[in-house]
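Take a look at the structure set out below.
The values are calculated or read from the model by the stated rules, or taken from the named source; none is laboratory data. Because the structure is a prediction, the values reported are computed rather than measured. Note that we place each Cβ from the backbone using ideal geometry, even for glycine, and neighbour counts take in every protein chain shown.
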Amino acid sequence: MLIALAGAFGALARYHLQGLVNRLYLGSFPLGTFVVNVSGCFVLGVLFGALTERFAVSGDVRTALTVGFLGAYTTYSTFALETVRLGEDGAFAVAALNVALSVLAGLAAARLGLTLGRAL
């Protein structure tokens, strides 16, 4: 039940943040999905560092936050679909930029988050 409840909140958070970014940004780059996924990588790093290496937190709480909330918050499938659609539309450079930036920024955000989580 904790995973389902946290997942509901994660899905709502993604919906609202992605929608906000998409309303403010009118370019062809899928910025809403990018912001959600990179911020999710950062938060996962913080949570993993803090909740597994710094603080004694139950496995149920860790799983609810990481699998439930962040699993529903982040979206690999939307990233993949948006990238494929960009390619179908002939926006190959934007598609390639989306892949490169998403992977590199996601890795950097996860590393930064892990460092911060361990420092807490």
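A few points about this structure:
- Against the test of being at positive phi and either surrounded by fewer than 20 Cβ atoms within 10 Å (Cβ to Cβ) or at pLDDT 95 or above (or both), the options Gly113, Gly90 yield a single qualifying residue, Gly90.
- The helices (runs of 4 or more DSSP H) falling completely within the range 33-120 that include 1 or more residues that are in contact with a Phe, Trp or Tyr (Cβ under 7 Å, 6 or more places away or on another chain) and more than 22 Å from Ala13 (Cβ to Cβ) map to 92-119.
- Condition check for Asn37: within 20 Å of Asn22 (Cα to Cα), in contact with a Pro (Cβ under 7 Å, 6 or more places away or on another chain) and surrounded by 21 or more Cβ atoms within 10 Å (Cβ to Cβ): no
- Flag: Ser77 does not match the condition of being touching a residue at least 40 places away in the same chain (Cβ under 8 Å), closer than 16 Å to Gly40 by Cα and not aliphatic (A, V, I, L, M).
- Odd one out for Leu24, checked against (1) of a type outside the set (Lys, Arg); (2) exposed (fewer than 14 other Cβ atoms within 10 Å of the Cβ); (3) modelled with pLDDT under 95: (3)
- Residues being surrounded by 20 or more Cβ atoms within 10 Å (Cβ to Cβ) and either touching an Asp or Glu at 6+ places or on another chain (Cβ under 8 Å) or farther than 14 Å from Gly113 by Cβ (or both) - total across the range 51-81: 5
- Members of the range 20-42 that are among the small types (Gly, Ala, Ser) and closer than 15 Å to Phe79 by Cα: Ser28, Gly32, Ser39, Gly40
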